[in-house]
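Accompanying notes for the structure given below.
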Amino acid sequence: KAAGRATFCFFKAEMNLEVQARRQIELDLRVALAEGEFHLLYQPQVNLTSGRITGCEALLRWNHPVRGPVPPSEFIPIAEEAGLIPAIGDWALRRACHEAAGWRSDVKIAVNMSPAQFKNPNLPHNVVLALAASGLPAERLELEITESLLLQDNDTTMATLHRMRELGVGIALDDFGTGYSSLSYLRRFPFDKIKIDQTFVREMTTDADCMSIIQSVIDLAHTLRMKTTGEGVETMQQKDSLQVAGCTDAQGFYFFRPMSGKQIADLLAAGANRETAA
Ligand code: C2E
Ligand code: MG
Ligand code: MG
Ligand code: MG
């Protein structure tokens, strides 16, 4: 009984530590924007036929003054729960549009959207403002949303998707295959692009079933006139398999790691999006 009690106390203490750590991150997140602790990295997306860079995905980074870099997988869920995503997400949107407008290139800029941000009826207004302030043409902006957003049939979400379409802003369905993938989503809204999640790409060259699933998704997307991007491509074999399967674009460490705004600007100015390297 004594041991059980001790274990319980230990467990409780650990729980408290975890709760405290989360609470501290939340408090720190509340000042991070004002303190300029966020920045964006950009990861190029490459067309598998031409080898050209067709777009870049903006990836949020938080440099904590004491803890150092905190990965988005750790702080975004906390920011979402604490209601901080509208502000942080809007900052990322404006920052990405502003930086991309300065590139000597017409590649697209893809910005990740949290469900909370996308369900906000002010989003279309914020997008219009971000485009106007930066001078970025709407056609160069692409918003990445996940299946979880579509889980609840929400009127605001559908209205926003259609409003983006009217503006000329692209919509990509991110991490496809990891959520509650439903074919009815693909019927309800004409996405511009489906991003095949990296968990599938990782296994495609060793697991025949996985390859079949990817092939089906690519064929389906093609039939629905949607592009496909393979995520997390790390090897030439994965790149080749995606190309043979008819995937239009790919993104991953095999091509480029996420890089700073300065690095991507230089890369594009050097004409990397004009090279034929496939
Ligand atoms: P995501 O949108 O699926 O982004 C792709 C993630 O895969 C990025 O992780 C990227 O660095 C990583 N990645 C790219 N190529 C490779 C590869 O070849 N191998 C491996 N192992 N990983 C690769 P990151 O930057 O840590 O971002 C994680 C997630 O955080 C993103 O997943 C996205 O859901 C979220 N996120 C990032 N920035 C934002 C943002 O501004 N707003 C919101 N709401 N979410 C964001
Ligand atoms: Mg993404
Ligand atoms: Mg993804
Ligand atoms: Mg992912």
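The values are calculated or read from the model by the stated rules, or taken from the named source; none is laboratory data. Computed from a predicted structure; not experimentally measured. Glycine gets a Cβ as well: all are built from the backbone with ideal geometry, and neighbour counts include every protein chain shown. The area values use the complete protein model at the heavy-atom level, side chains included, leaving out ligands, DNA and RNA. Shrake-Rupley method; radii C 1.70, N 1.55, O 1.52, S 1.80 Å.
Brief remarks on what is shown
- Among residues of segment 211-223 that are modelled with pLDDT of 95 or more, none has a Cβ under 8 angstrom from a residue that is open to solvent by 60 Å² or more (accessible area, probe 1.4 Å) and of a type in the set (Gly, Ala, Ser) at a sequence gap of 6+ or on a separate chain.
- Cross-chain or 6+ apart pairs with Cβ under 7 Å, segment 145-163 first and more than 14 Å from ASN120 (Cα to Cα) and open to solvent by 50 Å² or more (accessible area, probe 1.4 Å), then of a type in the set (Phe, Trp, Tyr) and away from ligand 2 (no atom under 16 Å from the Cβ): LEU151/TYR180
- Tallying residues that are within 18 Å of the chain's Cα centre (by Cα) and on the phi < 0 side of the Ramachandran plot within segment 168-201 yields 22.
- Yes/no for THR248 being in contact with a Ser or Thr (Cβ under 8 Å, 6 or more places away or on another chain), open to solvent by 10 Å² or more (accessible area, probe 1.4 Å), in contact (Cβ under 8 Å) with a residue 12 or more places away in the chain and within 19 Å of GLN215 (Cα to Cα): yes
- Top-ranked residue of segment 166-201 - restricted to ones that are at pLDDT 95 or above and more than 16 Å from ligand 2 (Cβ to nearest atom), ranked as farthest from ALA130 (Cα to Cα): GLU166
- Condition check for VAL111: touching a helix residue (DSSP H, G or I) at 6+ places or on another chain (Cβ under 9 Å) and either over 30 Å from MET158 (Cα atoms) or free of Cβ contacts under 8 Å to residues at least 60 places away in the same chain (or both): yes
- Scanning segment 124-146 for residues that are within 13 Å of the chain's Cα centre (by Cα) and farther than 19 Å from LEU60 by Cβ yields no hits at all.
- Residue match in segment 141-151 (condition: farther than 23 Å from GLU35 by Cβ, modelled with pLDDT of 95 or more and more than 16 Å from ligand 3 (Cβ to nearest atom)): yes
- Qualifying residue in segment 46-55 (condition: open to solvent by 30 Å² or more (accessible area, probe 1.4 Å) and over 30 Å from CYS247 (Cβ atoms)): no
- Segment 222-233, subset away from ligand 4 (no atom under 16 Å from the Cβ) and closer than 15 Å to GLN243 by Cβ, residue surrounded by the most Cβ atoms within 10 Å (Cβ to Cβ): LYS227
- Criterion (in a helix (DSSP H, G or I) and open to solvent by less than 30 Å² (accessible area, probe 1.4 Å)) met by exactly one of LYS239, LYS262, LYS195: LYS239
Table: residues versus (1) among the aliphatic types (A, V, I, L, M); (2) under 22 Å from VAL233 (Cα atoms).
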residue: ALA159; (1), (2): yes, no
residue: GLY168; (1), (2): no, no
residue: LEU173; (1), (2): yes, yes
residue: GLY179; (1), (2): no, yes
residue: TYR185; (1), (2): no, no
residue: LYS195; (1), (2): no, yes
residue: THR199; (1), (2): no, yes
residue: SER212; (1), (2): no, yes
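- Failed criterion for PRO121 (all others in (1) farther than 20 Å from LEU60 by Cα; (2) assigned to a helix (DSSP H, G or I); (3) out of contact with any Phe, Trp or Tyr (no Cβ under 6 Å at 6 or more places or on another chain); (4) touching a residue at least 12 places away in the same chain (Cβ under 8 Å) hold): (2)
- Conditions (1) under 22 Å from ALA250 (Cα atoms); (2) among the hydroxyl-bearing types (Ser, Thr, Tyr); (3) open to solvent by 40 Å² or more (accessible area, probe 1.4 Å): number failed by SER105: (3)
- For segment 198-217, the set of residues classified as part of a helix (DSSP H, G or I), within 16 Å of ligand 3 (Cβ to nearest atom) and of a type outside the set (D, E, K, R) consists of GLN198, THR199, PHE200, VAL201, ILE214, VAL217, listed by residue number.
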